[in-house]
1. Being at pLDDT below 80, of a type outside the set (A, V, I, L, M) and surrounded by 18 or more Cβ atoms within 10 Å (Cβ to Cβ): is that true of residue 158 here?
2. Can you tell me which residue is modelled with the highest pLDDT among those in region 75-109 that are in a loop (DSSP other than H, G, I, E, B) and surrounded by 16 or more Cβ atoms within 10 Å (Cβ to Cβ)?
3. Restricted to region 181-207, and to residues that are among the β-branched types (Val, Ile, Thr) and modelled with pLDDT of 80 or more, which residue is nearest to residue 171 (Cα to Cα)?
4. Evaluate region 127-146: report whether one residue or more is over 29 Å from residue 218 (Cα atoms) and assigned to a loop (DSSP other than H, G, I, E, B).
5. Would you please list the contacts, defined by Cβ atoms under 7 Å and residues six or more apart or on different chains, that run from a residue in region 69-94 that is closer than 18 Å to residue 51 by Cα to a residue that is outside any helix (DSSP H, G or I) and modelled with pLDDT under 90?
6. Can you confirm whether residue 147 is touching a residue at least 40 places away in the same chain (Cβ under 8 Å), under 26 Å from residue 272 (Cβ atoms) and either crowded, with 17+ Cβ neighbours inside 10 Å or within 18 Å of the chain's Cα centre (by Cα) (or both)?
Amino acid sequence: METARHKKLSENILDKLSLDFLRNQVLKNAYGNDDTVIARLDPRILLAWYLVLGIVPWFVQDLWFLMGCFLLVLVTTKLARVAGLVLLLFGVGVFSQTGYLFVVSLFFGGDSSTIAPLLVLTLKVATCSLASITVFSGLDPDRLSNGLMWYGCPERLSFSISYAYRILPMLMEEFQNILLSFRMRGNPPLHETFRGKIRYLFYQVKMIMQAFYPLMLNTAKRSRTTVEALEIKGYRYAAVNKTVKKIKLATLRVTYNDLLFLAVSFLWISLSILASTLF
């Protein structure tokens, strides 16, 4: 009974780590958060807010201020309803790196006094990372492109970023189709034993590496078709036409919620500065 329970647990973990699950998590983070509080904000406000919380923490060493900024972006990440896989990768990436540095410092003669500097570094990286996750999970490709264009970003660059968002589902679908074709033609090793599982893991890694070239080739073919369609519709002329740009940016509106979001953020940062001054 205990063996069957462990087998069921391992099967559940493998189901969670399937390609479909990974694709759904990525697409949910990029396209499935359009009904959140963050997604309803003006993209210009979000980008300005991101520039502050993505740059200022790197020039500050005060622990109280960094803690306040971290708590702020933690709340906004919760409001943005970020996919669980993205948060898991964030936690593993940030805090495992900090733990690694702490172990290395102890190995080379450090002591508990290294905890404070490492905590400051962790808060800086975590704050900037969560701010990035909040903004880019709350902006769809069109709103992100319009916000960048309003700030004077070249239209081709803003379109490239927007197109990269749009091509993401196509890339994942093409990658899945290539892996399925490899599995139909391949002969995977048996993985009932521990040695067989190791061999099967190497077989999966090898298959993913072999899928890279056909993925890039098929994507390049589709991209060429997309470029030709854009040229037919007069993309080059629209990219430099001021009337078209004005029409595209006419949908941007700063509402009461945007001002409230900025006011709450400014108030919280002011309280963090006050706490750092008092303590």
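The values are calculated or read from the model by the stated rules, or taken from the named source; none is laboratory data. Just so we're clear, the structure is a prediction, and the values are computed from it rather than from any experiment. All Cβ positions, even for glycine, are placed from backbone atoms using ideal geometry, and neighbour counts span all protein chains on display.
1. Yes, satisfied.
2. 81
3. 205
4. Checking region 127-146: at least one residue is over 29 Å from residue 218 (Cα atoms) and assigned to a loop (DSSP other than H, G, I, E, B).
5. Sorted first by the residue in region 69-94, then by its partner, the pairs are 76/38; 80/33; 80/36; 80/38; 80/138.
6. Answer is no for this residue.
The rows are residues; the columns are (1) assigned to a loop (DSSP other than H, G, I, E, B); (2) aliphatic (A, V, I, L, M); (3) out of contact with any Leu (no Cβ under 7 Å at 6 or more places or on another chain).
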| residue | (1), (2), (3) |
| --- | --- |
| 178 | no, yes, no |
| 190 | yes, yes, yes |
| 204 | no, no, yes |
| 216 | no, yes, yes |
| 219 | no, no, no |
| 222 | no, no, yes |
| 243 | no, no, yes |
| 246 | no, no, yes |
